[in-house]
Every structure is written in C-alpha cells, then in structure tokens.
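Reviewing the structure listed below.
The values are calculated or read from the model by the stated rules, or taken from the named source; none is laboratory data. Small disclaimer: the values here were computed from a predicted structure and weren't measured. Methodologically, a virtual Cβ is constructed for each residue, glycine included, from the backbone with ideal geometry; neighbour enumeration extends over all protein chains shown.
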Amino acid sequence: MPGANQLQNFEEIFLPHLDAAYNLARWLTRNEHNAQDVAQEAYLRALRFFPGFRGDNARAWLMKIVRNTCYNWLHANRPLQEATEFEENLCPPDARAPNPEESMVQNDNGALVQKALEKLPSNFREVLILREIEGMSYKEIAEITGMPTGTVMSSLSRARGQLRQALTSLTHRGIRPSSMAKRSSGHKNAWALNPH
C-alpha cells in the first residue's frame, strides 16, 4: 500500500488526466459504464506501478496503461466484437468526399463525426482520438500504442480516409446529426465532439 506522500504525488501528477483517460476508455469500449470501470482499473494499475514511473511524460504513461487496460477488458469481455475489420473493398474511397475537418464545419455538429468514429475499427478510432481530440503528438501516440512514429502517421492517414468514407456514407444515407446526439454522462470530455 502506498504511503500518504506517494499517494499525494500520484494524485497531483495523474488526476489532471482523468478526463482524457475516461475519454479514451469511452471511445474504445463504446460504453460509458464500461469506460468508468476500465478507467478505474487503469488508475489502480497506475498507482500499483507508480514507483516505476520515471517522471517523463505522465499523460502518455497513463494513457498507455488506459489503452492496455481497455484492450485487456475488450479481449476478456468482447472477444469477437473487435475482430471485425473494416473491409476496404466494400467501401472504396470517394475522391469527392470532404475531409473530416470540412465535414465537421459543414455539419456544425459533432454528432455526425461521433457516429462515424464509432464505425471505425478500434485501432483507427484510437489514433484519431489521441491525435485529434486529446491533441497528443505523434511521438506520444507512438509511446502509448507501441507503434513506430511512421506507423502512427500512416495509421492516422488511413483512419482519416476511413472516417471520410464513413461520413460520406452517413451523409448519403440521410443520417442527420440531430437524430443521433447522445448526452454526456457529466464527464467534461465524455463525448469531446458532442456540443451538449
């Protein structure tokens, strides 16, 4: 059990990142209650391994623990759900499709982007969330995911392309953001793209 001073240091360093940890867990588990459980488990793991923390990038260190905890939870609780990969042959790229940033501006509502993000495979959703919502650098994402920086960059490129395809598909099917808006559970960043 950590001492009072160690616990205070842990809280000072890692509690400011609680919203980011929950946000990543929410996007990966796709369920707010599961995300709360996973974020709590990740913080317990972080506390357990806190003596091994060397003081470099606290946010990246914690997010790596959250990511690994999420994938362990998904593997144990949803072994077949994450096995479905995006089939590129079924959704060929549309050269006329707007990029994700243009789509967000055109819709003036993050619900459409939110719905499109949910359609992406977890590995692509993960890098987009870390980069575009959490504002992490390529280097930090590489540390968290264990990918080389070049792979992070190519994964982001492919993820943006698939997000563009998903947005185009939703737009062409007549899905409107107002019909899909979800409410936050009170967490500041629970749905970082949700304007409500």
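Values computed for the structure shown
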read-out: Unique match (being in contact with a helix residue (DSSP H, G or I) (Cβ under 6 Å, 6 or more places away or on another chain) and at pLDDT 90 or above) among MET136, MET147; value: MET136
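Per-residue answers, yes or no, for (1) at pLDDT 80 or above; (2) among the aliphatic types (A, V, I, L, M); (3) in a helix (DSSP H, G or I); (4) over 15 Å from LEU28 (Cα atoms):
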| residue | (1), (2), (3), (4) |
| --- | --- |
| ILE129 | yes, yes, yes, no |
| GLN165 | yes, no, yes, yes |
| ALA181 | no, yes, no, yes |
| LYS188 | no, no, no, yes |
